[in-house]
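Peer 1: Submitted below is the structure of interest, expressed as structure tokens.
The values are calculated or read from the model by the stated rules, or taken from the named source; none is laboratory data. Because the structure is a prediction, the values reported are computed rather than measured. Backbone-built Cβ (ideal geometry, glycine too); neighbour counts: all protein chains shown. All accessible areas refer to the heavy atoms of the entire protein, side chains included, with ligands and DNA or RNA removed. Shrake-Rupley method; radii C 1.70, N 1.55, O 1.52, S 1.80 Å.
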Amino acid sequence: MFLRSLYSLLFLSTALSSPAQTAPAPAPAVQPIIDKVVTAIGGKDKLLTLFRIKETFHFGANPTPDEGKKASSRESVLEVPKYWWLGKKERADEPAKYDVWAWTLGILVDPQSKVEIAPDLTHEGTPLFGLRVSGTVDPAMEIYFDKETQLLRRLDWRGDYYLFSDWKEHDGVKYASKTVIYKKASGKPWFFHEVTEVQRLKELPAGLTRH
């Protein structure tokens, strides 16, 4: 009996002297953030899935083509993330399909995507909040949004980061019409791109096939 009482006193003393353990704060819920950024461009039902775009683009370190050169132009049909047709040719394993999927925000609402909170960052004085997406894309990508407008501002993936600007609207959905891609290692731009026209499609155009 004496030993049992002594053990009880020792246990109580240890418990009282130990610092209180507090449960870690729960991580912010991701779904409300996804809903917020998707709503900002028009809502889930308005996201671009099958569409045609006209584009101009050029490579280099300058926002306009080098002297004596012209920007290239092309017309594409996309059904992201699986298909991207240039003319009647499908681009097969082109990684840029995932960039465009992120640009539409469709990657955030795919049930197979794993979406987590990414650390905030500030780019050129603009505070951004981020989401990290994996599961449907490899490696994972970080997608950042303007804290004030809730609109897509930056995408970090592989060795590059993309800056989006010049927002326009088509058929109830907003989209960033200009993109500049930078090398992460140097911070230098190497690709300039502008979407000059978007057309939502109800069906695949004649002559194009899925495989």
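Peer 1: Please find, among Val137, Val180, Val115, the residue that is of a type in the set (Val, Ile, Thr), within 11 Å of the chain's Cα centre (by Cα) and over 30 Å from Ala206 (Cα atoms).
Peer 2: On the way: Val137 fails: over 30 Å from Ala206 (Cα atoms); Val180 fails: within 11 Å of the chain's Cα centre (by Cα).
Only one candidate qualifies: Val115.
Peer 1: Would a scan of the stretch 59-79 turn up a residue that is open to solvent by less than 80 Å² (accessible area, probe 1.4 Å), over 25 Å from Pro189 (Cβ atoms) and either assigned to a helix (DSSP H, G or I) or touching a residue at least 12 places away in the same chain (Cβ under 8 Å) (or both)?
Peer 2: The answer is yes; a qualifying residue exists.
Peer 1: What are the pairs, 6+ residues apart or on separate chains, where a residue within the stretch 125-142 that is under 10 Å from Asp156 (Cα atoms) has its Cβ under 7 Å from a residue that is not in a strand (DSSP E or B)?
Peer 2: Note: pairs meeting the criteria are Arg132/Ala140; Met141/Ala102.
Peer 1: Within the stretch 99-131, which residues are touching a helix residue (DSSP H, G or I) at 6+ places or on another chain (Cβ under 7 Å) and farther than 15 Å from Phe164 by Cα?
Peer 2: Correct list: Ile107, Leu108, Val109, Ser113, Val115, Leu131.
Peer 1: Can you tell me which residue within the stretch 95-134, out of those that are open to solvent by 50 Å² or more (accessible area, probe 1.4 Å) and assigned to a loop (DSSP other than H, G, I, E, B), is nearest to Leu47 (Cα to Cα)? Before the answer, list the steps.
Peer 2: Of all residues in the stretch 95-134, those open to solvent by 50 Å² or more (accessible area, probe 1.4 Å) come to 98, 111-112, 114, 116-117, 119-120, 122, 124-125, 127, 132.
Next, from what is left, pick out any that are assigned to a loop (DSSP other than H, G, I, E, B): 111-112, 124-125.
Numbers: Pro111: 15, Gln112: 17, Glu124: 28, Gly125: 29 Å.
The selected residue is Pro111.
The rows are residues; the columns are (1) surrounded by 13 or more Cβ atoms within 10 Å (Cβ to Cβ); (2) closer than 20 Å to Gly106 by Cα.
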residue: Asp171; (1), (2): no, yes
residue: Lys178; (1), (2): yes, yes
residue: Gly187; (1), (2): no, no
residue: Phe192; (1), (2): yes, no
residue: Glu203; (1), (2): no, yes
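Peer 1: Looking at the stretch 157-168, is at least one residue free of Cβ contacts under 8 Å to residues at least 40 places away in the same chain, under 20 Å from Pro32 (Cα atoms) and part of a loop (DSSP other than H, G, I, E, B)?
Peer 2: no
Peer 1: Residue check, Tyr144 against (1) loosely packed, with under 14 Cβ neighbours inside 10 Å; (2) within 16 Å of the chain's Cα centre (by Cα), all met but one. Which one?
Peer 2: Of (1) loosely packed, with under 14 Cβ neighbours inside 10 Å; (2) within 16 Å of the chain's Cα centre (by Cα), only one is false for Tyr144: (1).
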